[in-house]
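Down below is the structure, laid out as structure tokens.
The values are calculated or read from the model by the stated rules, or taken from the named source; none is laboratory data. All of these numbers come straight from a predicted model, not from anything done at the bench. Every residue, glycine as well, gets a Cβ built from its backbone with ideal geometry; the counts of neighbours run over all protein chains shown. For accessibility, only protein heavy atoms count, side chains too; no ligands or nucleic acids. Shrake-Rupley method; radii C 1.70, N 1.55, O 1.52, S 1.80 Å.
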Amino acid sequence: MVPKVLALFVIATALSQAQAVTQITLPDQHHTFLTNQLIGKSLSIPKSFLDRLESCHVVFPNGMVYEAFPNNRLPSGPITFLHAAQPFTSCAIGFLDADVSLSGTYELMSLINHSADNSFSLTRQSFHLTLIEIDPWKADS
């Protein structure tokens, strides 16, 4: 709980010059992914390419909050921030060769500056993730 509040405080402080931030909570999503060294999967909050991503934070299943954008502070490992060429960067993380122990609920928080009216929105979405490991080299008997 404390890491979430801290992340929101940091976002709010960074936008102290802004008049208002609209908060949006998207419905939870449930995903079951196959995982191995050849298969990757991503979780993301989409945005218009006309808008600008200001920050992206990820809450891991253990409750730890990490900044993924603009500074990638995710722990090194199979979960990474998915960079794209501007203006297509969105709040997205990828899983490649992730262990099944990384299953759990991840929450993305995306702070967007909307080009149409220079307003800001903070979008949150939870992803309930179940990873199932497969061995592509092992044939069925």
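Worth a mention:
- Residue list for segment 91-128, restricted to those being among the acidic types (Asp, Glu), part of a loop (DSSP other than H, G, I, E, B) and in contact with a strand residue (DSSP E or B) (Cβ under 8 Å, 6 or more places away or on another chain): Asp97, Asp99
- For segment 44-66, filtering for residues that are surrounded by 14 or more Cβ atoms within 10 Å (Cβ to Cβ), in contact (Cβ under 8 Å) with a residue 40 or more places away in the chain and under 19 Å from Leu122 (Cα atoms) leaves 14.
- Residue that is modelled with the lowest pLDDT, among those in segment 20-38 that are of a type in the set (A, V, I, L, M, F, W, C) and within 15 Å of Thr105 (Cα to Cα): Phe33
- Members of segment 87-134 found to be surrounded by fewer than 16 Cβ atoms within 10 Å (Cβ to Cβ) and aromatic (Phe, Trp, Tyr), listed by number: Phe88
- Just one of (1) out of contact with any Gly (no Cβ under 8 Å at 6 or more places or on another chain); (2) modelled with pLDDT under 95; (3) open to solvent by 40 Å² or more (accessible area, probe 1.4 Å) fails for Lys41. It is (1).
- Hey, Ser42 among the hydroxyl-bearing types (Ser, Thr, Tyr) and under 10 Å from the mean Cα position of the chain (by Cα) or not: yes
- Segment 52-90, residues that are among the aromatic types (Phe, Trp, Tyr) and either in a strand (DSSP E or B) or at pLDDT 95 or above (or both): Phe60, Tyr66, Phe69, Phe81
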